[in-house]
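Below is one structure, written out as structure tokens; the observations come after it.
The values are calculated or read from the model by the stated rules, or taken from the named source; none is laboratory data. Computed from a predicted structure; not experimentally measured. Remember, those area values only see protein heavy atoms, side chains included, never the ligands or the DNA or RNA. Shrake-Rupley method; radii C 1.70, N 1.55, O 1.52, S 1.80 Å.
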Amino acid sequence: GIRVPGYLSTSMDLKFSDVPAGCFASLEAVPTAGWLQIMVLTCMQEAGTGFASKPQTDDAEAGDIALDSWVRYDDPEVKSFKLNAERQNGRAAMLGITGCLIHELLGVDALYPTGGLGGAAPPTLY
């Protein structure tokens, strides 16, 4: 995986490289204050008070809180196609991450699962 240089938490002397790669293990390794910061930022963005969003107005469609530089589609057929594609991609992503989480719970590396259920290293390729 990708390892970002630097500290995740300077007060706890926790580097990004110290955080395990697995989802469940990383949940426990990241400090609670870090997760709270992530949740607050996400809630601010969803509420329209974040740095890349604007408050909901009466003249905009429900949920349209993106900045003016965001692309909006006037043609209903194109807009319907784009929204449907986004919905389908979201569903595929949810199924993919669910599969990765199940593999991790079973003790198998989801990205390279040939190591077996014990989590052993995969066989050497010749």
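Of the solvent-accessible surface of the stretch 1-90, computed with a 1.4 Å probe over protein heavy atoms with every protein chain present, carbon and sulfur atoms account for 60 percent. Ordered by solvent-accessible area of protein heavy atoms (1.4 Å probe), largest first, the residues 18, 58 come out as 58, 18. Ligands, DNA and RNA aside, residue 95 has an accessible area near 130 Å² when probed at 1.4 Å. Once the 1.4 Å probe is applied to the protein heavy atoms, the stretch 1-91 comes out at 82 Å² accessible per residue. Computed 3J(HN,Hα) for the stretch 49-63, one whole-Hz value per residue from the Karplus formula 6.51 cos²θ - 1.76 cosθ + 1.60 where θ = phi - 60°, is 10, x, 6, 10, 8, 10, x, 5, 10, 5, 7, 9, 5, 4, x, glycine and proline marked x.
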